[in-house]
Amino acid sequence: MSLTRSLVRLVREAEQHLQRICCASSHMVLHRRLKGNNKGQGSDSLFSPLPAKPTFNPDDINVGEELGGQINRGDLLRVLNMFYKRPEIKRLCQEKGLDNRLFHQAFVSFRRLCMESENLPVELHIILSDILQESGHVDDIFPYFLKHAKEIFPHLECMDDLKKISDLRLPANWYPDARAVQRRIIFHAGPTNSGKTYHALERFMTAKSGVYCGPLKMLAVEVYQKMNKEGGTPCDLVTGEERRFADPDGDASNHVACTVEMTSTSHKCQY
(Lines give C-alpha, C1' and ligand atoms only; values in the text may rest on other atoms or scores of the structure.)
Protein backbone atom coordinates (compact mmCIF):
# COMPACT_ATOMS: atom_id res chain seq x y z
CA MET A 1 0.00 0.00 0.00
CA SER A 2 2.84 2.34 0.86
CA LEU A 3 4.51 1.60 -2.48
CA THR A 4 1.23 2.28 -4.32
CA ARG A 5 0.80 5.65 -2.62
CA SER A 6 4.40 6.50 -3.44
CA LEU A 7 3.86 5.64 -7.10
CA VAL A 8 0.69 7.77 -7.20
CA ARG A 9 2.54 10.73 -5.71
CA LEU A 10 5.39 10.22 -8.15
CA VAL A 11 2.98 10.22 -11.10
CA ARG A 12 1.31 13.40 -9.84
CA GLU A 13 4.65 15.15 -9.43
CA ALA A 14 5.63 14.06 -12.93
CA GLU A 15 2.37 15.48 -14.31
CA GLN A 16 2.96 18.78 -12.51
CA HIS A 17 6.52 18.89 -13.83
CA LEU A 18 5.22 18.29 -17.36
CA GLN A 19 2.72 21.13 -16.95
CA ARG A 20 5.51 23.48 -15.87
CA ILE A 21 7.53 22.49 -18.94
CA CYS A 22 4.56 23.16 -21.23
CA CYS A 23 3.97 26.51 -19.55
CA ALA A 24 7.64 27.45 -19.95
CA SER A 25 7.50 26.43 -23.60
CA SER A 26 4.48 28.66 -24.15
CA HIS A 27 6.31 31.59 -22.58
CA MET A 28 9.30 30.93 -24.86
CA VAL A 29 7.08 30.93 -27.94
CA LEU A 30 5.41 34.16 -26.81
CA HIS A 31 8.83 35.71 -26.16
CA ARG A 32 10.01 34.77 -29.64
CA ARG A 33 6.90 36.28 -31.20
CA LEU A 34 7.32 39.49 -29.26
CA LYS A 35 10.99 39.55 -30.19
CA GLY A 36 10.09 39.09 -33.85
CA ASN A 37 7.65 41.97 -33.67
CA ASN A 38 10.18 44.23 -31.96
CA LYS A 39 13.34 43.71 -33.97
CA GLY A 40 16.18 45.98 -33.06
CA GLN A 41 14.96 46.39 -29.46
CA GLY A 42 17.03 44.66 -26.82
CA SER A 43 16.53 44.22 -23.09
CA ASP A 44 17.65 47.83 -22.61
CA SER A 45 14.27 48.91 -24.01
CA LEU A 46 12.73 47.72 -20.72
CA PHE A 47 14.47 50.48 -18.76
CA SER A 48 13.21 54.05 -18.66
CA PRO A 49 15.15 56.81 -16.90
CA LEU A 50 13.74 58.27 -13.72
CA PRO A 51 13.15 62.03 -13.86
CA ALA A 52 15.93 64.14 -12.38
CA LYS A 53 14.95 67.74 -11.66
CA PRO A 54 17.54 70.42 -10.90
CA THR A 55 17.30 71.72 -7.37
CA PHE A 56 17.40 75.42 -6.60
CA ASN A 57 17.01 77.24 -3.32
CA PRO A 58 17.46 81.03 -3.48
CA ASP A 59 18.77 80.97 0.09
CA ASP A 60 21.59 78.56 -0.77
CA ILE A 61 25.09 79.94 -1.26
CA ASN A 62 26.70 78.89 -4.54
CA VAL A 63 29.94 77.60 -3.00
CA GLY A 64 31.11 76.13 -6.30
CA GLU A 65 30.84 79.49 -8.05
CA GLU A 66 32.68 81.24 -5.21
CA LEU A 67 35.55 78.75 -5.41
CA GLY A 68 35.75 78.12 -9.14
CA GLY A 69 34.16 81.20 -10.64
CA GLN A 70 31.10 81.58 -12.84
CA ILE A 71 30.68 79.14 -15.72
CA ASN A 72 29.48 80.29 -19.11
CA ARG A 73 26.60 78.10 -20.30
CA GLY A 74 27.88 78.05 -23.86
CA ASP A 75 31.30 76.87 -22.75
CA LEU A 76 29.67 74.32 -20.46
CA LEU A 77 27.64 72.90 -23.35
CA ARG A 78 30.78 72.62 -25.46
CA VAL A 79 32.61 70.68 -22.73
CA LEU A 80 29.66 68.33 -22.22
CA ASN A 81 29.46 67.61 -25.95
CA MET A 82 33.19 66.83 -25.98
CA PHE A 83 32.59 64.42 -23.12
CA TYR A 84 29.75 62.73 -25.01
CA LYS A 85 31.85 62.17 -28.13
CA ARG A 86 34.78 60.55 -26.32
CA PRO A 87 35.17 56.86 -27.37
CA GLU A 88 36.87 56.12 -24.06
CA ILE A 89 33.83 57.35 -22.17
CA LYS A 90 31.51 55.13 -24.21
CA ARG A 91 33.78 52.16 -23.54
CA LEU A 92 33.75 52.82 -19.80
CA CYS A 93 29.97 53.15 -19.87
CA GLN A 94 29.67 49.82 -21.67
CA GLU A 95 31.66 48.21 -18.86
CA LYS A 96 29.29 49.72 -16.31
CA GLY A 97 26.17 48.40 -18.06
CA LEU A 98 25.29 51.47 -20.15
CA ASP A 99 24.86 50.52 -23.80
CA ASN A 100 24.56 53.18 -26.50
CA ARG A 101 20.85 53.77 -25.90
CA LEU A 102 21.11 54.05 -22.10
CA PHE A 103 24.27 56.13 -22.41
CA HIS A 104 22.50 58.61 -24.66
CA GLN A 105 19.50 58.87 -22.33
CA ALA A 106 21.73 59.31 -19.30
CA PHE A 107 23.75 62.00 -21.07
CA VAL A 108 20.65 63.96 -22.12
CA SER A 109 19.45 63.91 -18.52
CA PHE A 110 22.89 64.85 -17.17
CA ARG A 111 23.26 67.70 -19.70
CA ARG A 112 19.84 69.06 -18.83
CA LEU A 113 20.69 68.93 -15.14
CA CYS A 114 23.97 70.79 -15.66
CA MET A 115 22.48 73.42 -17.95
CA GLU A 116 19.36 74.12 -15.89
CA SER A 117 20.82 73.94 -12.36
CA GLU A 118 21.47 77.25 -10.68
CA ASN A 119 23.78 75.62 -8.14
CA LEU A 120 25.80 72.66 -9.36
CA PRO A 121 27.34 70.28 -6.82
CA VAL A 122 30.51 71.92 -5.52
CA GLU A 123 32.94 69.25 -6.71
CA LEU A 124 31.36 69.08 -10.18
CA HIS A 125 31.41 72.86 -10.50
CA ILE A 126 35.12 72.94 -9.64
CA ILE A 127 35.89 70.10 -12.10
CA LEU A 128 34.06 71.89 -14.91
CA SER A 129 35.78 75.14 -14.04
CA ASP A 130 39.19 73.45 -14.17
CA ILE A 131 38.40 71.93 -17.56
CA LEU A 132 37.38 75.32 -18.96
CA GLN A 133 40.63 76.80 -17.65
CA GLU A 134 42.55 73.91 -19.29
CA SER A 135 43.79 72.64 -15.94
CA GLY A 136 41.62 69.52 -16.04
CA HIS A 137 40.59 66.84 -18.50
CA VAL A 138 37.10 66.25 -19.84
CA ASP A 139 37.28 62.62 -18.67
CA ASP A 140 37.22 63.90 -15.07
CA ILE A 141 33.46 64.36 -15.49
CA PHE A 142 32.89 60.60 -15.74
CA PRO A 143 32.50 59.79 -11.98
CA TYR A 144 29.80 62.46 -11.64
CA PHE A 145 28.11 61.33 -14.84
CA LEU A 146 28.11 57.71 -13.67
CA LYS A 147 26.65 58.72 -10.31
CA HIS A 148 23.85 60.54 -12.12
CA ALA A 149 23.28 57.55 -14.44
CA LYS A 150 22.84 55.26 -11.43
CA GLU A 151 20.30 57.66 -9.97
CA ILE A 152 18.09 57.61 -13.05
CA PHE A 153 18.78 53.92 -13.83
CA PRO A 154 18.76 52.25 -10.37
CA HIS A 155 19.37 48.79 -11.86
CA LEU A 156 22.98 49.81 -12.52
CA GLU A 157 23.67 49.65 -8.79
CA CYS A 158 23.41 45.86 -8.84
CA MET A 159 25.32 45.27 -12.08
CA ASP A 160 28.47 44.17 -10.26
CA ASP A 161 26.53 41.62 -8.21
CA LEU A 162 24.75 40.35 -11.32
CA LYS A 163 28.09 39.89 -13.10
CA LYS A 164 29.46 37.86 -10.19
CA ILE A 165 26.35 35.68 -10.01
CA SER A 166 26.29 35.00 -13.75
CA ASP A 167 30.04 34.37 -14.09
CA LEU A 168 30.22 30.61 -14.77
CA ARG A 169 33.73 30.54 -16.23
CA LEU A 170 35.61 28.91 -13.33
CA PRO A 171 33.35 26.38 -11.56
CA ALA A 172 36.40 24.75 -9.97
CA ASN A 173 36.80 27.84 -7.77
CA TRP A 174 33.21 27.97 -6.50
CA TYR A 175 33.67 25.66 -3.50
CA PRO A 176 37.31 25.95 -2.36
CA ASP A 177 36.63 24.39 1.07
CA ALA A 178 34.98 21.31 -0.43
CA ARG A 179 37.75 20.86 -2.99
CA ALA A 180 40.39 21.04 -0.27
CA VAL A 181 38.93 17.97 1.48
CA GLN A 182 40.63 14.67 0.67
CA ARG A 183 37.79 12.36 -0.36
CA ARG A 184 37.24 8.92 -1.86
CA ILE A 185 34.47 8.93 -4.47
CA ILE A 186 32.66 5.68 -5.33
CA PHE A 187 30.74 5.52 -8.61
CA HIS A 188 28.06 2.86 -8.27
CA ALA A 189 26.55 2.00 -11.67
CA GLY A 190 24.20 -0.73 -12.81
CA PRO A 191 20.99 -1.48 -14.70
CA THR A 192 17.50 -0.80 -13.36
CA ASN A 193 16.51 -2.83 -10.25
CA SER A 194 20.08 -4.01 -9.72
CA GLY A 195 20.19 -2.79 -6.11
CA LYS A 196 22.08 0.49 -6.47
CA THR A 197 19.84 2.45 -4.10
CA TYR A 198 19.49 -0.48 -1.71
CA HIS A 199 23.23 -0.94 -1.26
CA ALA A 200 23.76 2.83 -1.01
CA LEU A 201 21.19 3.13 1.78
CA GLU A 202 22.70 0.12 3.59
CA ARG A 203 26.06 1.87 3.54
CA PHE A 204 24.37 5.12 4.55
CA MET A 205 22.90 3.48 7.68
CA THR A 206 26.18 1.94 8.83
CA ALA A 207 28.25 5.09 8.33
CA LYS A 208 29.08 7.36 11.27
CA SER A 209 27.49 10.27 9.42
CA GLY A 210 25.98 10.82 6.01
CA VAL A 211 23.80 12.91 3.72
CA TYR A 212 21.22 11.57 1.28
CA CYS A 213 20.41 14.01 -1.55
CA GLY A 214 17.13 13.30 -3.30
CA PRO A 215 15.89 14.93 -6.51
CA LEU A 216 12.34 15.00 -5.09
CA LYS A 217 10.93 15.81 -1.67
CA MET A 218 9.00 12.53 -1.75
CA LEU A 219 12.22 10.52 -2.01
CA ALA A 220 13.89 12.47 0.79
CA VAL A 221 10.85 11.89 3.03
CA GLU A 222 10.89 8.18 2.19
CA VAL A 223 14.54 7.84 3.22
CA TYR A 224 13.90 9.89 6.37
CA GLN A 225 11.07 7.59 7.41
CA LYS A 226 12.98 4.43 6.50
CA MET A 227 16.03 5.42 8.54
CA ASN A 228 14.08 6.36 11.66
CA LYS A 229 11.50 3.57 11.65
CA GLU A 230 13.06 0.58 9.93
CA GLY A 231 16.80 1.23 10.04
CA GLY A 232 16.99 2.55 13.57
CA THR A 233 19.35 5.29 12.42
CA PRO A 234 18.44 8.80 13.63
CA CYS A 235 18.04 10.93 10.52
CA ASP A 236 16.86 14.51 10.01
CA LEU A 237 14.82 15.79 7.07
CA VAL A 238 15.67 19.05 5.29
CA THR A 239 13.66 20.31 2.32
CA GLY A 240 12.75 23.69 0.94
CA GLU A 241 9.47 23.59 2.85
CA GLU A 242 10.33 22.09 6.21
CA ARG A 243 12.93 20.65 8.56
CA ARG A 244 12.28 17.71 10.84
CA PHE A 245 14.56 16.48 13.61
CA ALA A 246 14.77 12.86 14.68
CA ASP A 247 15.65 14.00 18.19
CA PRO A 248 12.60 15.27 20.15
CA ASP A 249 14.75 18.02 21.67
CA GLY A 250 15.68 19.33 18.23
CA ASP A 251 19.34 18.33 18.29
CA ALA A 252 20.83 17.70 14.85
CA SER A 253 21.49 14.09 13.86
CA ASN A 254 24.58 12.77 12.14
CA HIS A 255 22.47 11.63 9.19
CA VAL A 256 20.40 13.92 6.98
CA ALA A 257 17.96 13.22 4.16
CA CYS A 258 17.45 16.32 2.06
CA THR A 259 16.53 17.58 -1.37
CA VAL A 260 19.47 18.43 -3.58
CA GLU A 261 19.10 22.22 -3.40
CA MET A 262 19.15 22.12 0.43
CA THR A 263 22.43 20.23 0.69
CA SER A 264 24.91 21.92 3.01
CA THR A 265 28.18 22.78 1.29
CA SER A 266 30.03 23.27 4.59
CA HIS A 267 28.86 20.26 6.65
CA LYS A 268 31.40 17.39 6.66
CA CYS A 269 30.22 13.79 6.76
CA GLN A 270 31.60 10.30 6.23
CA TYR A 271 29.11 9.15 3.57
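For the ranges 183-193, 140-150, what's the packing order if you count other beta-carbon atoms within 10 Å of each residue, average per peptide, and put the highest first?
140-150, 183-193
Output wanted: per-residue J couplings in Hz (rounded whole) for region 247-252, from phi through Karplus 6.51 cos²θ - 1.76 cosθ + 1.60, θ = phi - 60°, x for Gly and Pro.
For region 247-252, the Karplus curve yields 7, x, 7, x, 6, 5 Hz.
Going by accessible area, probe 1.4 Å, with all protein chains left in place, what is the ranking of 262, 205, 218, largest first?
If we order 262, 205, 218 from most to least accessible, we get 262, 205, 218.
With a cap of 16 neighbouring Cβ atoms within 10 Å, and only residues DSSP puts in a loop, list the GluC sites (Glu not before Pro) found in region 214-271.
Passing sites in region 214-271 are 241, 242.
Pop out the carbon and sulfur fraction of the accessible area of region 122-255 as a percent, whole number, probe 1.4 Å.
52 percent
Checking the cross-link filter: which aspartates and glutamates have an alpha carbon closer than 16 Å to that of residue 150, excluding same-chain neighbours under 8 positions apart?
Candidates past the 8-residue exclusion: 44, 95, 99, 160, 161.
Starting from the Cα of residue 92, step 7 Å along the direction of its Cβ; do the same at residue 73; then give the gap between the two resulting points in nm.
Between residue 92 and residue 73, the simple spin-label model gives 2.7 nm.
The values are calculated or read from the model by the stated rules, or taken from the named source; none is laboratory data. In this text the structure is predicted, and so the values were computed from the model without any measurement. Every residue, glycine among them, receives a Cβ derived from its backbone with ideal geometry; neighbour counts consider all protein chains shown. Ligands, DNA and RNA are excluded from the accessible area calculation, which covers all protein heavy atoms including side chains. Shrake-Rupley method; radii C 1.70, N 1.55, O 1.52, S 1.80 Å.
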